[in-house]
Amino acid sequence: IKRCLAEGEADLAFFNSLEVDSDLYRGVTKSPGIATRDHFVNKQKHWTLKLPRNVDDFYRSLSPNVRKHRRQESKRLERDYPNKVKIRCYCRANEVERMVRDVEDIASKTYHRGLGVGFQDSPEVRQLLSLDARACRLRGYVLYVAERPCAFWLLSLYGDRLYANVTGYDPEFAKYSPGSSLLCKVI
């Protein structure tokens with residue numbers, strides 16, 4: 001990375017979401033030189049969840065009130081759209097184009113888009129997703145209702161850890177909490 005920066009092959013190296021107790025974090029916060037590194041590091045808490053053996057164990061880990069609402073939302077969606085609720089996991093390079101199209105369809109309607117954050121279809125994003133797919137790290141989950149994409153959850157798998165990148169849902173389906181329903185079904 002230092003060589004690429006020194007030779008002008010790259011103008012900037014961006015390190016996001018590093019664990020602060022890692023060797024990599026310590027290295028990039030001390031290098032290259034005092035005048036060229038970021039002195040105002042934005043630290044964010046990252047929550048982890050040890051995946052349960054099954055969905056019942058996951059529901060038991062929730063508070064009774066949250067558990068009740070999550071189950072009701074999921075059942076309401078299935079009741080209102082019988083046999084029309086599907087989840088698809090995209091993980092292969094040849095699936096990235098279709099996934100991006102469906103995720104962008106959802107993302108364009110989210111409040112995140114209005115804030116200028118969340119999923120943005122760009123050549124750089126497509127390249128990163130394709131790279132993750134070729135390395136068998138991509139896990140792109142899309143919830144479809146009556147063949148229409150209505151929620152997504154994009155993740156990256158590194159070793160035994162799954163990192164959430166970006167989520168979103170179509171506000172037309174808000175009463176069903178499709179993002180939460182998708183999360184529970186994926187788990």
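The values are calculated or read from the model by the stated rules, or taken from the named source; none is laboratory data. Note that the coordinates shown come from a computational prediction; the quantities given were computed from them, not determined experimentally. A quick note on method: Cβ atoms are made from the backbone with ideal geometry, for glycine too, and the neighbour counts reach across all protein chains shown. Ligands, DNA and RNA are excluded from the accessible area calculation, which covers all protein heavy atoms including side chains. Shrake-Rupley method; radii C 1.70, N 1.55, O 1.52, S 1.80 Å.
Rolling a 1.4 Å probe across all protein chains gives Tyr169 an accessible area of roughly 90 Å². Rounded to the nearest 20 debye, the dipole size of the range 41-169 about its Cα centre is 560 debye, using +1 on the Cβ of Lys and Arg and -1 on the Cβ of Asp and Glu.
Ligands, DNA and RNA aside, Tyr163 has an accessible area near 90 Å² when probed at 1.4 Å.
How far is helix 96-107 tilted, in degrees, relative to the longest principal axis of the Cα atoms in the chain, given as a value from 0 to 90 rounded to the nearest 10? With both axes taken from Cα atoms, the answer is about 70 degrees.
The chain has equivalent-ellipsoid semi-axes of 35, 20, 15 Å, by the square roots of 5 times the alpha carbon gyration tensor eigenvalues, sorted largest first. The angle separating the long axis of helix 123-134 from the principal Cα axis of greatest extent in the chain is about 80 degrees.
Ranked from largest to smallest solvent-accessible area, with a 1.4 Å probe on the protein heavy atoms, Thr110, Thr167, Thr29 come out as Thr167, Thr29, Thr110. Helix 64-80 and the long axis of the chain differ in direction by around 70°, with both axes built from C-alpha atoms.
Summing +1 for each Lys or Arg and -1 for each Asp or Glu among the other residues whose beta-carbon sits under 12 angstrom from that of Ala107 gives -2. Here, the range 79-148 is characterised by an Rg to Rh ratio of 1.02, where Rg is the alpha-carbon radius of gyration and Rh the Kirkwood radius. Think of the chain as having a plus end and a minus end, set by charges on the Cβ of Lys, Arg, Asp and Glu; of Asn165, Leu18, Val142, Val142 sits farthest toward the positive end of this dipole. Against the criterion of solvent-accessible heavy-atom surface with a 1.4 angstrom probe, Arg161, Arg70, Arg60 sort, most first, into Arg60, Arg161, Arg70.
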